[in-house]
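Below is one structure, written out as structure tokens; the observations come after it.
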Amino acid sequence: MSTDIRLAFAHPSERAIATAGDAPRDRISLRDHIVEVEIGAFQAERGTRQRICFNVVVEVQPFTAPLDDDVDRILSYDRVTEAIAHELQAERLNLLETLAERVAERVLLEPQAIRAFVRIEKLDRGPGALGVEIVRTRRDFGQHLNEMASEMAQERPHPRIAYLSNAAIQSPDLPRWIDDLAARGAPLILCVGLPDCPAPKADHAMTQRRIDLLAIEQNGWVLAGRDARCKVVATRTELDWAMKNAQICVWAPSKIVLDATQGPASQPSDSVALSAWFAGQMEACEMVVIGEALPARAGIPLRGVDLDGAGL
């Protein structure tokens, strides 16, 4: 009995290990994540904020192939903290049980997740911590999980993609253009093309493609050096985080282009068309092209801007 009591109050990661069975599982965990929020059914808890502490363990399917140090292949810790933040912002709740259920459900929307342990404790309601812990699997939510996944897909942000020519990158008007684009109510992702200096030449087409993609990324770093708000990002995980946190991105194309199952028909040398392909992949609300001709076709709204700012 003493072992059962100890395990009941142990961290959820220990409880996950103790109840895992024979199937090997990997786990990610969030420990002692404290947030101040208004929550509670009692009148004394209304109109005041109190600290609540989250401990979450998510069991995921073990990887059978090399990870290659690739963040897009794993369940990011950000998904757990984002699930908590989303449910806390959705509405005021009376019960920790309701909050735990909703956090578990949102975490289990992730394709890698198998089982979620969620412990939530109130830290300010007495001399000790008062809390609840639940364990949920995908089966516990049934069809509702699919319905929620569909709703989340509709909530996905639709960024504004802005392509900047080399002349635009060097223009003194660059900060003003970024200010204007960032103020228009959609996440902003910037794209660039090949630099003006010639890239190394290779005899093999696929090798040259990689060289040119890397040259575009180098030009992205040139842009980031011109404006400190611009952060160069290469993965879909980083892009998703940036869009949710109002971070202006510069797209580094190599990883997403080379990993795509249906990659772009255009070559990196046609960087405006490549950016238009990326805008389609991101379901952008529009693509703004500054200082270059518009692409021949794209599945999203296009808008051209002259270097004097006309059209912005």
* **Every residue from segment 241-251 that is without any contact (Cβ under 8 Å) to a residue 60 or more places away in the chain and buried (at least 18 other Cβ atoms within 10 Å of the Cβ)** => Ala242
* Asked: Is there any pair with a first residue in segment 23-44 that is under 17 Å from Arg115 (Cα atoms) and a second that is among the acidic types (Asp, Glu) whose Cβ atoms are under 8 Å apart and which are 6 or more apart or on different chains, and what are they?
  -> Arg25/Glu59; Asp26/Glu59; Arg27/Glu59
* Asked: Which condition does Ile134 not pass, out of (1) at pLDDT 90 or above; (2) within 29 Å of Leu274 (Cα to Cα), if it passes all the others?
  -> (2)
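Taking segment 97-121, which residues are of a type outside the set (Val, Ile, Thr) and farther than 23 Å from Ala18 by Cβ?
Kept after step one, since they are of a type outside the set (Val, Ile, Thr), are these residues of segment 97-121: 97, 99-102, 104-106, 108-113, 115-117, 119, 121.
Result: Leu99, Arg102, Glu105, Arg106, Leu109, Glu110, Pro111.
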* Go through the residues of segment 174-182 one by one and say whether even a single one is farther than 28 Å from Val71 by Cα and touching a Ser or Thr at 6+ places or on another chain (Cβ under 9 Å). => yes
* segment 242-257, subset over 13 Å from Ala224 (Cβ atoms) and not small (Gly, Ala, Ser), residue modelled with the highest pLDDT -> Pro253
* Structure fact -> When segment 258-281 is checked residue by residue, the ones that are of a type in the set (A, V, I, L, M, F, W, C) and modelled with pLDDT of 90 or more are Val272, Ala273, Leu274, Ala276, Trp277, Phe278, Ala279
* Structure fact -> The residue from Ala215, Ala199 that alone is among the small types (Gly, Ala, Ser), part of a helix (DSSP H, G or I) and at negative phi is Ala215
* Leu67 passes all but one of (1) more than 30 Å from Leu258 (Cβ to Cβ); (2) modelled with pLDDT under 70; which number fails? -> (1)
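The values are calculated or read from the model by the stated rules, or taken from the named source; none is laboratory data. Bear in mind that the values here come from a model prediction, so they are computed numbers and not experimental data. Because the Cβ atoms are built from the backbone with ideal geometry, glycine has one as well, and the counts that use them run over all protein chains shown.
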